[in-house]
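The values are calculated or read from the model by the stated rules, or taken from the named source; none is laboratory data. This structure is a prediction, so every number in the text was calculated from the model and none was measured. Cβ placement follows ideal geometry from the backbone for every residue including glycine, while neighbour counts extend to all protein chains displayed.
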Amino acid sequence: MFRQLAPPPPPLNLGHLPPTFLFKARLTMEKRKELREKLRACRCRVADAATDASLFIGDINTPKRCEMELRRVGIIVSAAASQATIGTKKWTIQVVKLSWFTKSLEKGQIEPLEPYTLLIADVQLASQTRMNTPASSPTAPPSELAQATEKKRKEILERAKADAEESPAPKRARYGGPKGVDSIVSITKKAPLIRQTTPTPSPERDTEERPEPPEWVKTKNTYSCCRSTPRESPNALFISQLKVIKHSRIIGGDQIGVRAYSTAIAVIQAYPYPLRSASEVVSLPGCGGKLARLFDEWKSSDPEPEKRMISSVKELEESRVYQTLKNFESIWGIGADTAAKLYYEHDYRTLDDIIKQHWSKLSNVQKIGLKYHEDFSKPIPRREVEQIAALIQSHAEAIIPGVQSMIVGGYRRGKEECGDVDILLSHQVEGTMDSDFLWHLLKSLENAELITNTLSISTQRLQQEDPNRSFKSHSDSLDKALLIWQTDKGGLRRRVDIIIAPTICAGTALLGWTGAATFERDLRLYCEKERGWKFSSEGVWKGNERVPGTFGWREEESWEDVEKRVMEIIGVGWRPPTERCTG
């Protein structure tokens, strides 16, 4: 039923805490249920299973009692860790008194954890003997092949442990709880404290000679902007499974998981050979034991590659909750967070529910997204993208002769079909495109009845002649318009973005609007970590000054030449747009 009033704010916001488990000790069933509900009301991610938690709360008073309660729920801890271990790359747990939570509620503010902490300890992994002993007869000596297989398996296991230990505590999804979006994430997130082993690779796959790995694999280079990533991959079927898991993390609000899967997908997309074994997966930078286990599960699921499936992906595809959230999130203007609100707070299950019961509460952009959802869901062929771009170029050049246009985004990376049209406009002569150019262009397109709706216009009146502007106050502030386009009356409506790139940042704008998301993320990270610079579509900065050679458009250069110059100066080297397809 539609609610007229917004839900009250939580008494405390514990969304920053890792997954939390409430001990049963000294609590009645009713009292424990009440406390769990209060924790959830404070946006705390309450774990149903102790092995899913990193923070433990209990009505207990001594470290010895902590260890006893932990053993009761199947967790064995080693010697207590120091306070400094919290936040490091070790898997640690923390136990605090229940009074921390009750006093925080009484005061209306979150008390510090330290005074109430009883125990900080590392989780003791299952014994090496139990985890590594082959399931063979103790009286029969292992064959040389079995010994070689076991050695390989142990190598993978050690890498898997390292990967598990380096995984930080997941961010808490906003609309969590056992029936919230956290349950979507939990389908694909197995994080037992007693670590599982990597599935044993079969001998014939693991003893197979591997091809010579690319240089970026040998040097463990994790920057996707420093390697070629073509659109086609010999591992496309496995990658398609990983993309489903990644999308579930987006819907669940797990940004750490999204980043991890984005990195892995980009790495596997760039790898030029078909993956054959789990040990080959863990040899790739950014791909650890968890990816190896997923690959082994996928490959062993069916002899025919087209029929292979990871079990958690199958579960997601059969989940009505996930499919509904995915449908809501696909509406233009409604992100994962709003989709979760519509599902969990308002109990909507279909697009019709939203239209009938929530229409007046939607923004204009969301209304347009719903109204033309069917049109927006249909891909745009390259030929149609080119036709739209040609019309925009024609109108732009009628206003300022010599304007140049470039179709960017997925089209420039070689996609046969696009979700929208991104077109970049610039001019080789500095100062030619004044701050009112975008407004004149939109007026011309409206008069030609090519634009049905303007979703947003962003104009920052960029000072083209000033190369030394502060990065902090002008990050990615290019003039742009987000539009709904219709070439012919009665035809499909398309989303079109027009971006204005002043001459001074023609190269960085082209670079910033071409690469896939992970390529662009790693480009910014590379500039920051390796060069001490800041990159955006508007420029490359060292402090508050532009890096020499990364701005301007020389007379003898084509627009692509300017982009090449920028990439060479940054240090990542030139590669064509079709090799920036990180997924």
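Kindly provide the set of residues from region 97-117 that are of a type outside the set (Ser, Thr, Tyr), in contact with a strand residue (DSSP E or B) (Cβ under 7 Å, 6 or more places away or on another chain) and either surrounded by fewer than 17 Cβ atoms within 10 Å (Cβ to Cβ) or not in a helix (DSSP H, G or I) (or both), ordered by number.
Result: Lys97, Leu113.
Please identify the pairs in which a residue from region 311-331 that is closer than 15 Å to Lys246 by Cα has its Cβ atom under 8 Å from the Cβ atom of a residue that is among the acidic types (Asp, Glu), counting only partners at least 6 apart or on another chain.
Here the result reads Ser311/Glu297; Gln323/Glu317, each pair linking region 311-331 to a residue that is among the acidic types (Asp, Glu).
For region 251-293, how many residues are β-branched (Val, Ile, Thr), crowded, with 22+ Cβ neighbours inside 10 Å and in contact (Cβ under 8 Å) with a residue 60 or more places away in the chain?
Number satisfying all stated conditions: 3.
I need the full set of residues from region 401-427 which are acidic (Asp, Glu) and farther than 13 Å from Glu384 by Cβ, in order please.
Answer for region 401-427, where residues must be acidic (Asp, Glu) and farther than 13 Å from Glu384 by Cβ: just Asp422.
Restricting to region 390-449, and then to whatever is touching a strand residue (DSSP E or B) at 6+ places or on another chain (Cβ under 9 Å) and basic (Lys, Arg), can you tell me which residue is surrounded by the fewest Cβ atoms within 10 Å (Cβ to Cβ)?
Taking the candidates together, the pick is Arg412.
For region 74-89, state whether one or more residues are within 28 Å of the chain's Cα centre (by Cα) and modelled with pLDDT of 85 or more.
Residues of region 74-89 within 28 Å of the chain's Cα centre (by Cα): 85-89.
Filter again for modelled with pLDDT of 85 or more, leaving none.
Checked region 74-89: no residue is within 28 Å of the chain's Cα centre (by Cα) and modelled with pLDDT of 85 or more.
With a cut-off of at least 1 residues that are among the basic types (Lys, Arg), name the helices (runs of 4 or more DSSP H) lying wholly within region 252-342.
255-270, 289-300, 311-318, 320-329
Among the residues of region 402-410, are any in contact (Cβ under 8 Å) with a residue 40 or more places away in the chain and at positive phi?
yes
Give region 532-559 a look and list any residue that's of a type in the set (D, E, K, R) and within 17 Å of Trp574 (Cα to Cα), or say none.
Once the filter is applied, which keeps residues that are of a type in the set (D, E, K, R) and within 17 Å of Trp574 (Cα to Cα), region 532-559 yields only Glu557.
Taking the options Gln366, Gln387, Gln393, name whichever one is within 24 Å of Glu555 (Cβ to Cβ), in contact (Cβ under 8 Å) with a residue 12 or more places away in the chain and not in a strand (DSSP E or B).
Gln393
When only residues in region 485-501 that are among the hydrophobic types (A, V, I, L, M, F, W, C) and under 27 Å from the mean Cα position of the chain (by Cα) count, which is surrounded by the fewest Cβ atoms within 10 Å (Cβ to Cβ)? Break it down into steps so the answer makes sense when it comes.
Of all residues in region 485-501, those among the hydrophobic types (A, V, I, L, M, F, W, C) come to 485, 492, 496, 498-501.
Now narrow it down to the ones that are under 27 Å from the mean Cα position of the chain (by Cα): 496, 498-499.
Working: Val496: 25, Ile498: 25, Ile499: 23.
Residue satisfying both the conditions and the ranking: Ile499.
For Gly571, are the conditions met, namely being at pLDDT below 95, in the same structural domain as Arg412 (by TED's automatic domain parsing) and over 30 Å from Leu445 (Cα atoms)?
Numbers: at pLDDT below 95: no; in the same structural domain as Arg412 (by TED's automatic domain parsing): yes; over 30 Å from Leu445 (Cα atoms): yes.
Considered against the rule, which asks whether it is at pLDDT below 95, in the same structural domain as Arg412 (by TED's automatic domain parsing) and over 30 Å from Leu445 (Cα atoms), Gly571 comes out as no.
If only one of Ala340, Ala336, Ala264 is under 26 Å from Gly414 (Cβ atoms), of a type outside the set (Val, Ile, Thr) and touching a helix residue (DSSP H, G or I) at 6+ places or on another chain (Cβ under 7 Å), which one is it?
From the options Ala340, Ala336, Ala264, the qualifying one is Ala264.
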